[in-house]
Amino acid sequence: MDGEISTEAVKELLENNADVRIVDIRDERSFEHSHIPGSENVPFHELSGRIEEFEEAERIVTVCPHGKASVQAANLIGSYEGSADATVESMEGGLEEYGLKYGLVSEKESPNESTQSTESPF
C-alpha cells in the first residue's frame, strides 16, 4: 500500500478523469444505497478471489465507511504481485466524510435513476 489519500484528492482525481479505480469494499446492498459516482463494488470478502481484476490498474483507491477496513483492502491489493506497479491507496475519512462533503449517488429501482445526496450514507 502506498498510503492514504484525502477525500479532496479523490474528488480531484475524479473531476480530472484520472485513470483511477475507486474500489468500494462494502456489501452490495450498502453500495446500491450510496456510493461515489464511478466507483466499483468489490465486497471485502470477495477481494482475495477477485484480486486478478486489478492487474492492469495504474492507480487504485479503496473506500469503506470510515477509512479503516479500506486500509486492509489496500494492503491486500498492494501485496498482490500483479498490482506491484500500481499506486494503491486507502481513502482517509471514508465514505462518511466524502459523502458529507461532496455527496454520493444512490441507485433506486434502476441504475438510470440515480440521485445524489450530501447526507451521511450511514
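Computed values, structure above
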read-out: Failed item in (1) in a loop (DSSP other than H, G, I, E, B); (2) of a type in the set (A, V, I, L, M); (3) free of Cβ contacts under 8 Å to residues at least 12 places away in the same chain, with residue 9 passing the rest; value: (1)
read-out: Options 50, 59; residue that is touching a Ser or Thr at 6+ places or on another chain (Cβ under 8 Å) and basic (Lys, Arg); value: 59
read-out: Considering residues of region 1-21 that are out of contact with any strand residue (DSSP E or B) (no Cβ under 9 Å at 6 or more places or on another chain) and either exposed (fewer than 13 other Cβ atoms within 10 Å of the Cβ) or at pLDDT below 95 (or both) only, the residue nearest to residue 68 (Cα to Cα); value: 12
read-out: Neighbours by Cβ (under 8 Å, 6+ apart or cross-chain): first from region 31-59, free of Cβ contacts under 8 Å to residues at least 60 places away in the same chain and surrounded by 13 or more Cβ atoms within 10 Å (Cβ to Cβ); second among the hydroxyl-bearing types (Ser, Thr, Tyr) and assigned to a helix (DSSP H, G or I); value: 51/83; 54/83; 55/83; 57/83
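The values are calculated or read from the model by the stated rules, or taken from the named source; none is laboratory data. Predicted, not measured: the structure shown is a model, and the values here were computed from it. Because the Cβ atoms are built from the backbone with ideal geometry, glycine has one as well, and the counts that use them run over all protein chains shown.
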